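Below: the structure, in structure tokens.
No value in this document is a laboratory result; all are computed from the given coordinates. Note that the structure is a prediction, hence the values are computed from the model and not measured. Because the Cβ atoms are built from the backbone with ideal geometry, glycine has one as well, and the counts that use them run over all protein chains shown.
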Amino acid sequence: METKRSLKVAAIGAATATLMTFGLGAASAHVTVTPDAPAEGASTQVTFRVPSESKTATTTKIKVDLPTDTPFTSVRVKPVPGWTAEVVRGPLPQPVTVNGATITEAPLSVSWTANDAPSQLTEDQYQMFSVHIGRLPKSGSTVMLPVAQSYSDGSVRNWDDPVIEGQGEPEDPAPSFVTTAAQPAQQHGHADTAAATPATEAVASVSSDAPSPALIWAALAAGLLGLAAGIAAFFRSGRTRRI
């Protein structure tokens, strides 16, 4: 009886592990994009996580198509060691009005190409590719960023299927994100988000993470109280032993 129970538990465990392995493997194999702060009217850094899936070839190039119906007025690429980045600008299919200005030309794509074989991605590797973009469209907009992943054998995996709410995930989902409401500073015109640079944002991030003076003093006071309690306990224990 005990043997049957043990075998049943082992079988369930093996089945669960198999399902988790296949489920997590399928999810982690997708190309995804994560924005830092997707607020309406702002500029932000978006980061693509690109795994390599082929068992026989390596990933040699990543190309991201940028939207033309809500074009970005600014695109800056973060360098990746071993890869060459390129931003391609060109005419839009039709003029677009952005903040009262008519835009007829904009960045159309950004790509990264591996400089040599050691930089290419093998089956068990992935790479992060980041780009700073702006301005973002109105709150609630879905920003879709299709990706073409090229391999050393000449094949191309196109991650360009739209994800439709209420339907199952497509085989090759396009990386995308949804914009959020503008921040108060942006709504009152105090933040020039279009002109913000990655360097400026990095400084702001470091400053916001620094502890406040009040927190430092509170920690120091707590440390002194702990030290005083320890000394008092030491002398009390000494008097107890002498008695």
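Data overview
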read-out	value
Filtered residue count, segment 59-76, keeping only those that are farther than 16 Å from Gly41 by Cα and crowded, with 19+ Cβ neighbours inside 10 Å	5
Search result, residues across segment 27-53 that are hydrophobic (A, V, I, L, M, F, W, C) and surrounded by 17 or more Cβ atoms within 10 Å (Cβ to Cβ)	Val31, Val33, Ala39, Ala42, Val46, Phe48, Val50
